[in-house]
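Notes to accompany the following structure.
Nothing in this text is a laboratory measurement; each read-out follows from the coordinates by a stated rule. Model, not experiment: these values are computed from the prediction. Note: ideal-geometry Cβ built from the backbone for every residue, glycine included; neighbour counts use all protein chains shown.
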Amino acid sequence: MEPKTGKAGDWRNYERVLLPKVKDLHLLEVYEANGGYKALREILTNDKWDPTAVTNEVKKSGLKGRGGAGFPTGLKWSFMPPINPDIPRYLCCNGDESEPGTFKDRQLLEYNPHAVFEGMLIASYAMSLAGSYLYIRGEYADWITHMEGELKKAYAKGYIGKDIMGSGFSTELYIHKGAGAYICGEESSLMNSLEGKRAYPRVKPPFPAQKGIWGYPTTINNVETLAAVPEIINRGGEWFAGIGAPTHAGPVLYGISGHVNRPGVYEYPTGMLISDLIYEVAGGIRGGKKLKALVPGGSSTPVLRADMIDGVTMDADSLREAGSMMGTSGMLVMDEDTDMVSFLRRITHFYHHESCGQCTPCREGTGWLENIVTRIDEGEGNLRDLDLLIDLCSEMEGRTVCALADAAAWPVRYTIDRFRDEFEAKCKASLVPSGVELTEATA
Ligand SMILES: Cc1cc2nc3c(=O)[nH]c(=O)nc-3n(C[C@H](O)[C@H](O)[C@H](O)COP(=O)(O)O)c2cc1C
Ligand code: SF4
């Protein structure tokens, strides 16, 4: 049989670009010494780069958003309306990073913050923006303080502010400390939070490009998405498009957590075989145990059983075919001892706690999901509860202001679907009075 190689090519010799091996890269002087702000200088001083040319280069790269939905970045930028000098426009860089299993933006904020700033500035030029906001999860307090210091240095060097590098282009960049809830990462909620309001998601339309922060046209992109942009300008869109999976190109940060020997954030091309990531990159399953289940892209993406990952690669197409999604590429790995009912109980608790309460199906539904899964886990459930849970999911999916309700329903729907025997076993056991042995008749 042919060995499976995935679409990532020669990943063992892959050279990191988002988190390169450079000591003290978080400092402006080190970033500059390693080619930092070269891409910004290039687009601002070389006439070939008008704003449309920059957007086109990003389109050519095939870069897709790394915040979860995988929307094409260049296309998103081109949704901004035609320039009107009386109407300012903005960018929000989303660093709220609160989804369980997702911890990759943190590495960029800590180790390569100027790549994030530079990506934001290039995006600001491409979309002719008055300013941009970097919204960072509040718990990342140390990195926020550090980044504020580096931001001041970048302002002092003339990379941000009025007439950048004598080009005539001016834009501002602000860092904003997040308000401490998962929902603040939803793009419209993030804008409300930035405006000092309660972080309720907004009804769409109008979409942010029509009416965003302060009512003005706005684009929202993830930290990792924007950090990829300087190298797209430096090395070209074609270079980026040639990395990893052809339909979901580029380098990506895989956050691998759970029952592996070497959990962590690893930069590799998209299109890596899941098995290579687990067994080669993350050192295999802890204690020599067997793999039982994997959540490939943050807690909302559908769980896959071990027997479903053979030949599956980390890109949107392959994961869709396998029955899941790329999400944030935050992989939760579970070994053979994992109790899937208990896993789901933990996940439902999270979404119940984080629902903002604005829509009834989500406010009530997340609570009922948690209650019922808890009841099953504690041996008080019955088989009808499984159908009830699936009904509840159907009442929640696609019926709310934002996608948190879907994110809460999917883990329930797919964990029951793919591990039904475990749920049934707990339900059946609960029907049997204690002391009675489970037989065909009592089950
Ligand atoms: C409940 C919820 C939480 C979210 N949290 C984040 C987050 O922490 N970071 C993020 O980049 N995107 C998050 N998103 C997705 C954003 O709404 C948005 O799609 C993303 O920031 C766009 O960036 P991208 O196009 O670069 O991926 C969240 C979405 C939902 C529904
Ligand atoms: S779906 Fe949930 S989190 Fe989203 S707006 Fe409605 S209640 Fe809030």
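Here are some notes:
- Sorted by Cβ neighbour density within 10 Å, fewest at the top, the residues 143, 214: 214, 143
- Length-normalised contact order of segment 284-409 in % [C-alpha pairs under 8 Å, at least 6 apart]: 22
- Considering only 300, 78, 193, the Gaussian network model of the chain with Cα springs below 10 Å gives its largest mean-square fluctuation to 78.
- Exposure proxy order (Cβ contacts within 10 Å, fewest to most) of 32, 118: 32, 118
- The distance from the alpha carbon centre of segment 170-244 to that of segment 59-94 is 8 Å, rounded to a whole number.
- Expected 222 nm ellipticity per residue - DSSP helices of 4 or more, -39500 (n - 2.57), all of the chain, to 500: -11500 deg cm²/dmol
- Per-peptide average of other Cβ atoms within 10 Å, ordering 229-239, 148-158 highest first: 229-239, 148-158
- Once backbone amide H atoms are built at 1.01 Å from N, residue 134 has 93, 174, 175, 176 as its partners under 5 Å, excluding neighbours fewer than 5 places away on the same chain.
- Trypsin sites (Lys or Arg not before Pro) within segment 22-113, DSSP loop, no more than 11 other Cβ atoms inside 10 Å: 23, 48
- Most mobile listed residue (222, 112, 56) in the chain, GNM with C-alpha springs under 10 Å: 56
- Whole-angstrom gap from segment 321-354 to segment 266-281, using each part's C-alpha centre: 19
- For segment 166-174, putting each phi into the Karplus relation 6.51 cos²θ - 1.76 cosθ + 1.60 with θ = phi - 60° gives couplings of x, 8, x, 8, 10, 7, 10, 9, 10 Hz, in residue order, rounded to whole numbers and with x for Gly and Pro.
- Global geometry of segment 340-431, whether rounded, prolate or oblate, following the gyration tensor of its Cα atoms and the 1.5 cut on a/c: prolate
- Amide H partners (placed H, <5 Å) of residue 260, local residues excluded: 286
- Share, in percent, of DSSP beta bridges within the chain that are antiparallel, nearest 5: 45
- As a length-normalised measure over Cα pairs under 8 Å and 6 or more apart, the relative contact order of the chain settles at 17 percent.
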